[in-house]
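Read through the structure below, which is laid out as structure tokens, and then see the notes.
The values are calculated or read from the model by the stated rules, or taken from the named source; none is laboratory data. Keep in mind that this is a model prediction, so the values were computed, not measured. Here the Cβ positions follow ideal geometry from the backbone for every residue, glycine too, while neighbour counts run over all protein chains shown.
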Amino acid sequence: MKCLTRALVIALFAMSPLASHAAANVSLIDTQPRADVVSVEDAPEPTDMDARHADHRLERKVRQALYRGKVDVTHVSILARNGRVTLIGGVPAQAMIQTAPTIAMNVPGVRSVDSELIRRPEQN
């Protein structure tokens, strides 16, 4: 696949008006591997800290989305782990219990939502 893609790029480039100008400066066939090119296979594995940072960013995005969706998140904990979000706490209205998971599910990066929300009593 890599060779086919490279051959296609070379063929398309050869047909362009820039080909004659570039041919004077750059070889179209590169037989030596380039040290400055990093492949996906060479990319470092994400660490536990990277994963935790991603989870924390997702928690903030979900909290912001719930706030924009008019869900009172004052007494709600939002936990994220690898795209799985858990909502725990109390909200003042039954409608918020029903809409919160839908809002959270629409946040990019969320794969599933577990809602453990309850209706908390009104405080006077």
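Scanning region 76-95 for residues that are within 14 Å of SER115 (Cβ to Cβ) and not small (Gly, Ala, Ser) turns up VAL76, ILE78, LEU79, ARG84, VAL85, THR86, LEU87, ILE88, VAL91, GLN94. Quick check on my filter: what residues within region 95-114 are of a type in the set (Val, Ile, Thr), over 20 Å from the mean Cα position of the chain (by Cα) and either within 15 Å of TYR67 (Cβ to Cβ) or not assigned by TED's automatic domain parsing to the domain that holds HIS56 (or both)? Passing the criteria: only THR99.
Which one is surrounded by the fewest Cβ atoms within 10 Å (Cβ to Cβ) among residues in region 85-124 that are charged (D, E, K, R) and either assigned to a strand (DSSP E or B) or out of contact with any His (no Cβ under 9 Å at 6 or more places or on another chain) (or both)? This residue is GLU122.
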